[in-house]
Amino acid sequence: MTAGTVLAAENLSASYGPLQALREASFRLGEGEVVALLGANGAGKTTTLRAITGSIVQVTGSLEYTSEAGALSLIGTAPADAARHGIAHVPQGRGTFTDLSVEDNLRVGAMTRRDRGEIEADLDHWFATFPRLKERRRKPAGNLSGGEQQMLAVARAMMMRPRLLLLDEPSLGLAPLVVADLFATLGRLRAELGVTVLLVEQNANIALELADRGYVLEAGRIVLEGTAADLMAKDEIQKAYLGQ
Amino acid sequence: MDLFIARIFDGIATGALYASVALSLVLIYKATALINFAQGEMALCGAFTVYVLAVGHGVNLYVALLVAMALSAAGGAVLHRVLIQRFDPRDHLPIVLVTLGLLLALNALAAIVFGFEPRRIPSVFPRGNAVAFGSASLRWYTLGVLAVSVLTLVGLTLLLRRTRIGLSFRAVANTIDSAQLVGIRVNRVIGVSWALAAAIGTLAATLYVSDPLRQLDTGVMERVLIFAAAAAVLGGLDSLWGSLAGGLTLGLTESLVIGYVHWVPPELGMVVALLVLVLVLVWRPNGLFGAASAARV
Ligand SMILES: Nc1ncnc2c1ncn2[C@@H]1O[C@H](COP(=O)(O)OP(=O)(O)OP(=O)(O)O)[C@@H](O)[C@H]1O
Ligand SMILES: [Mg+2]
């Protein structure tokens, strides 16, 4: 493994019973990189993220993760342990704690941390970043709009101070303007925080604008990879995702 | 009039205890959306533990109660660990069947060890009356159980609202998948709620049978569990304060109906309680205090 690699997957496969949803995928995330994972409905994007955090059990291949504490294999770890190793996973559908207040959603994101004072400081930081969340901090998070919930999901994940952030289709179900706003914020965050991001999207255009590199999944296999600029220029991507 | 007041007080005392047992049901329900049907029999074992310590071995009653609550908490955590944790908390049927099996097993165990002869537990509260209204009187027992129920409720509310474990508990109660992803060890949190529920159940059962008008026997908790479950549903199943309201409503209804409607024999008290339950649920499907869960997007 090269220095500065956060996650390296080799021949990663994952199944739901008889259905193999991910087939021998190999990919790598460098420290501080934003990597897009693209693909149509059912291509296996969510499955890839679930394999990384251990939310799906039938996983084979190798999955080497390097944290500050050293290298370890993520095969067979439980989701709660992935979080403890610094991997924040915003699931598809945002995973909002709908009955908890907005503030409690953020606090729960910091559950793996013990540094009280710093947690309070981070809370203030995220309320400053997303003033809409601050206005509604005591309201149940389930009452937020879709866009607000996505911002909350990102902030909740960042409250962990993760080393690796996994985002599953943050644009899903949001109006174009809201998506633009969200990605602008993500763009600012990447410069600010230097967290490594694996960004799952069907919306290739907007994902590649943010990402350094990308992989394209088709029926569980990685069929294309390259820098964001290369992928953007590829005919297949243009046809498959950009409707041109 | 005096008789009426006396019946109100009786209803409050019994209702407060239904509420405490309901609280232990609600605690586990909030974490897992499941009713632990063995809760009553677990509490029965706790009350027998108090009996063995206090009456059998002459341990101070309050020490015996605290020890029994601690043992129950440990027992609750172990039962969860050994019997419940092996099942996916999202898959309800196997767990419900296990708790039903546990109900029967614990009841049989108590019968084998203690037989069917009723026992007496010394009164936890001073005997006699705190205040008298004419010939009606408010017993220390009634005041005591009401105070204990309310204090338990306040304590639990603070635990859930103000502490880290409380926040984990509320997160698990809301959505298990997301709770795992933020690093919460879900099974541990559910185990803690089993421990707490068991301790509260033992407290409630001991207070229930320590009424000088009642006795401890292996059948005593069946009835209490049914009333407590009804109280929990009445309160909305996921509301702590709702279980107090539900418990008091049922305790009062039972006491007044049996007291005044003479063609209803005492044995039918339970049916009356269930009738109230059905009526309330028709009027308010989420119970008196149940929040219709916020929209899940
Ligand atoms: N829990 C599950 N049980 C069984 N099969 C599943 C499960 N989740 C996903 N699948 C199947 O696995 C395949 C890959 O699904 P996955 O959710 O990874 O796709 P995706 O790329 O995330 O799609 P989308 O863009 O629609 O979210 C699909 O064929 C899907 O039907
Ligand atoms: Mg998906």
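Assorted remarks:
- Test: residue in the stretch A:123-132 that is within 14 Å of chain B (Cβ to nearest Cβ) and either in a helix (DSSP H, G or I) or out of contact with any Asp or Glu (no Cβ under 8 Å at 6 or more places or on another chain) (or both): yes
- Hey, residue B:87 surrounded by fewer than 16 Cβ atoms within 10 Å (Cβ to Cβ) and without any contact (Cβ under 8 Å) to a residue 24 or more places away in the chain or not: yes
- Answer residue from the stretch A:136-160, given it is polar (S, T, N, Q) and open to solvent by 10 Å² or more (accessible area, probe 1.4 Å) and is nearest to ligand 2 (Cβ to nearest atom) among those: A:145
- Residue-level check: of (1) at pLDDT below 95; (2) outside any helix (DSSP H, G or I), residue B:142 misses just (2).
- Residues satisfying the stated conditions in the stretch A:161-189, i.e. part of a loop (DSSP other than H, G, I, E, B) and within 16 Å of ligand 2 (Cβ to nearest atom): A:169, A:170, A:171, A:172, A:173, A:174
- Scanning the stretch A:192-207 for residues that are part of a loop (DSSP other than H, G, I, E, B) and within 16 Å of ligand 1 (Cβ to nearest atom) yields a count of 2.
- Among the helices (runs of 4 or more DSSP H) confined to the stretch B:156-222, the ones with at least 1 residues that are more than 14 Å from every other protein chain (Cβ to nearest Cβ) are located at B:186-209.
- Residue identified as among the small types (Gly, Ala, Ser), more than 24 Å from residue A:232 (Cβ to Cβ) and in contact (Cβ under 8 Å) with a residue 60 or more places away in the chain among A:128, A:141, A:153, A:204: A:153
Yes/no per residue for (1) within 16 Å of ligand 1 (Cβ to nearest atom); (2) within 30 Å of residue A:138 (Cβ to Cβ); (3) without any contact (Cβ under 8 Å) to a residue 60 or more places away in the chain:
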{"position": "A:17", "(1), (2), (3)": "yes, no, yes"}
{"position": "A:32", "(1), (2), (3)": "no, no, no"}
{"position": "A:36", "(1), (2), (3)": "yes, no, no"}
{"position": "A:59", "(1), (2), (3)": "yes, no, yes"}
{"position": "A:70", "(1), (2), (3)": "no, no, yes"}
{"position": "A:83", "(1), (2), (3)": "no, yes, no"}
{"position": "A:92", "(1), (2), (3)": "yes, yes, no"}
{"position": "A:98", "(1), (2), (3)": "no, yes, yes"}
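- Only one of B:202, B:163, B:175 that is open to solvent by less than 10 Å² (accessible area, probe 1.4 Å) and polar (S, T, N, Q): B:202
- When the stretch A:95-107 is filtered for residues that are open to solvent by less than 20 Å² (accessible area, probe 1.4 Å) and facing chain B (nearest Cβ under 8 Å), the ones remaining, listed by number, are A:95, A:96, A:97, A:98, A:100.
- Residues that are crowded, with 18+ Cβ neighbours inside 10 Å and farther than 25 Å from residue B:217 by Cβ, drawn from the stretch B:90-137: B:95, B:98
- Those strands (runs of 3 or more DSSP E) lying entirely in the stretch A:1-90 with at least 1 residues more than 14 Å from chain B (Cβ to nearest Cβ), among the aliphatic types (A, V, I, L, M) and touching a strand residue (DSSP E or B) at 6+ places or on another chain (Cβ under 9 Å): A:5-16, A:19-30, A:34-39, A:58-67, A:70-73
- Qualifying residue in the stretch A:39-62 (condition: of a type in the set (D, E, K, R) and away from ligand 2 (no atom under 16 Å from the Cβ)): no
- Complete set of residues in the stretch A:190-205 that are open to solvent by 10 Å² or more (accessible area, probe 1.4 Å) and either at pLDDT 95 or above or away from ligand 2 (no atom under 13 Å from the Cβ) (or both): A:190, A:191, A:192, A:193, A:194, A:195, A:197, A:205
The values are calculated or read from the model by the stated rules, or taken from the named source; none is laboratory data. Bear in mind the structure is a predicted one, so any value in this text is a computation, not a measurement. Note: ideal-geometry Cβ built from the backbone for every residue, glycine included; neighbour counts use all protein chains shown. Just so you know, the surface numbers come from the protein's heavy atoms only, side chains and all, with ligands and any DNA or RNA stripped out. Shrake-Rupley method; radii C 1.70, N 1.55, O 1.52, S 1.80 Å.
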